[in-house]
Structure formats: C-alpha cells, structure tokens
Amino acid sequence: MKVGFIGLGHMGGPMCRNIIKGGHQVVVHDLVEEAVQACVGLGATAGGSIGGVAGQVEVVMTSLPMPKDVEAVALGPDGIGEHAPPGTIFVDLSTNSPAMMRRIAAELAPKDIVTLDGPVSGGVAGAEAATIAIMVGGDRAAFDACLPVFESFGENIIHTGELGNGCIAKLCNNMVAFCTMTAAAEGLMLGTAAGIDPGILDQVIRNSSGDSRSHRGLAKSAFARDFAPGFTVDLAYKDLRLALELADELDLPLLLGPPVHSVMRMARGQDQGGENVTAILKVYEAFMGRQVGPVE
Ligand code: NAD
C-alpha cells in the first residue's frame, strides 16, 4: 500500500520507520528535516509538504501533538483536504478530541476522503518495538484496507466502532493511567517522608496490589532522576483536558480527573511541561521539600 506519513516525532518517527520496514511505499513530511531524513535513509520519499504527501498516496497518516495541529494539517490551506484525491483514506494516529475528528470527517467526506481516528498506546518503547495498541474508529471497510499497514507498526489492533470511538477509548485509558500515576506519586512521597527506603517500598508495591505500569514508570524516573521525554507533561495535560471536555459534553461528574489535571497544571507552572509525564512527582517533591531518589 502507498502510505503518506506526516509528523515524525517521538511516536510518528518509530511508527513510520516500522511501516517502511514492513515493505510499504512511504512518503513522509515533518517540519524537522532530520526526522524526514531518518525515514528517507530507510527508503521513504520526502514529500516536501503536506500536499506533496497527500497528493500521491492511498492512505495518509498523521501523528501530531495538539488537536489544532491535526485540524490545520487536515483542513487548513494546503492541507490534506485540498490535495488528497478522491478515495484517499485519512487516519489520525494522534490523541485527539472525538468531536474534532467527527468535524474533520464531515468536511472531508464531500471530497470522497474517508477519515478514521486511530490513536495509539504503548509509548515510545512500544512504537520502536511495533507492539503498540491501535484503537481505530470509523468505516469498517477503510479499517480493513488499512489493516496491513496497522499490522506493520502495532500488535493489538482494535476496531472500536464508529468514528470518534478510538479517541474516546484512548482518552479514558489515559485518564485512568494519569490518575494511577498521581496515586503512585503520593504513595512514594508518603513512604519516603515516613522514612522507608524508596527502593524497598518499590519492591513491595511491585509485588502487591498497588502495582501498575504507571507506578513502575514513575519509580524508574524518580530513582534514576531521569525525566527526559518520552511522553511529555504537556501532552498528558492535553489528553486530560480532552477527557474533561468529553465529560462536560455529557454532563458527567468525574471526581479524580479534575484534581489530577490541576497537578499537571502545577507541573507546567514549575516549567516541567516539556519533561516526561513522570515529572508530576516533582510537584509533590517541591511542596514536601524532599526528593524520592536517586536509588541505586
Ligand atoms: P512530538 O512532538 O514528539 O512529535 C510531533 C511531530 O509533529 C514533530 O516531529 C513535529 O515537528 C511534527 N509536526 C508538528 N506540526 C507539523 C506540521 N504542521 N506539519 C508537519 N509536521 C508537524 O509528539 P509525540 O510525542 O510523537 O506525540 C504525537 C501524538 O501521539 C500526540 O497526540 C500524543 O498525545 C500521542 N501519543 C504520544 C505518546 C508518547 O509516548 N509520546 C504515546 C501515545 C500517544
């Protein structure tokens, strides 16, 4: 299949490289030239612009930071809508607002462009290893057509139903993960303040009912004092905002999501927006005046 890929960052870069390794013909574009060249080195073609990609492929995929970036690339001047020929499938792999994906799909449909929302989960390590989950909402026939491409960069590929359901599933998952991570930060902070060795506390939690991927990721960052992204606080803040917006649309009360969103806001206030999401621990460390780790 001839695939276009726009947005070759932390996730898009490795996902795209796996599509190329999977034997598909790939045309790429990013604002960062080194990211483009990393794919060209593996056999991709540089499209040079959004139109240069969208005008010559069967499916065009995006992995972009914010909903406004996806909106601009899909609907903006010189965007996918202006350049993709009828019959093109557009798949957004970003974590986006379901309402925006439905609006983009409605604007592209009259041009005979089918839209799927296909956010991913599994982090940069999963993207590198091609083990990420891909949750795809939208037209079943378009999903089936894209399946060989999805299989080249993911492992658990789930058709989630109608358009927007991919984003809904992803936002729910991430809200659970961030609430769990904040609880993990509180647990490590409480134990450290109470005097237990944080390495021993981690060993206990890993073998007890408090264990989670979120706890493990947080402890790893804390003990190595390594908060390099990965997945940034800014992106997590965006995801949680989208989850809260969804709850607002539905008039649904959420008890844990809103304060965790405020923890992210506090981390951004401490200039940690560009750090890994595990840097939310530093919010607790700042007001407790003590640090968890380093731990050998
Ligand atoms: P990133 O900032 O590392 O990468 C985004 C890339 O898009 C950059 O290379 C940037 O140059 C490019 N870009 C931005 N605007 C562009 C434009 N107009 N035209 C062409 N290229 C453009 O972000 P990321 O961490 O890879 O995240 C991408 C999406 O995936 C986000 O929606 C995020 O929420 C989601 N996600 C990220 C992770 C993760 O672990 N990082 C995991 C799951 C989902």
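The values are calculated or read from the model by the stated rules, or taken from the named source; none is laboratory data. Here the structure is a predicted model, which is why all the values come from computation and not from measurement. Ideal geometry is used to build each Cβ from the backbone, glycine not excepted, and the neighbour counts take in all protein chains shown.
Worth pointing out:
- Residues in the range 285-294 that are surrounded by fewer than 16 Cβ atoms within 10 Å (Cβ to Cβ) and either in a loop (DSSP other than H, G, I, E, B) or in contact with a Phe, Trp or Tyr (Cβ under 8 Å, 6 or more places away or on another chain) (or both): Gly289, Arg290, Pro294.
- Some residue of the range 48-58 being among the acidic types (Asp, Glu), under 25 Å from Asp112 (Cβ atoms) and in the same structural domain as Lys111 (by TED's automatic domain parsing): yes
Each row is one residue, and each column tells you yes or no for (1) more than 19 Å from Gly257 (Cα to Cα); (2) touching a residue at least 60 places away in the same chain (Cβ under 8 Å); (3) in the same structural domain as Val59 (by TED's automatic domain parsing).
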| position | (1), (2), (3) |
| --- | --- |
| Val176 | no, no, no |
| Thr182 | no, yes, no |
| Gly195 | yes, no, no |
| Gly199 | yes, yes, no |
| Arg206 | yes, no, no |
| Asp211 | yes, no, no |
| Leu218 | no, yes, no |
| Phe223 | yes, yes, no |
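- Of the strands (runs of 3 or more DSSP E) that lie entirely inside the range 114-203, those containing 1 or more residues that are among the aliphatic types (A, V, I, L, M) and away from the ligand (no atom under 16 Å from the Cβ) span 114-117.
- Within the range 90-127, the set of residues being within 18 Å of Leu242 (Cβ to Cβ), touching a residue at least 60 places away in the same chain (Cβ under 8 Å) and surrounded by fewer than 20 Cβ atoms within 10 Å (Cβ to Cβ) comprises Ala99, Arg102.
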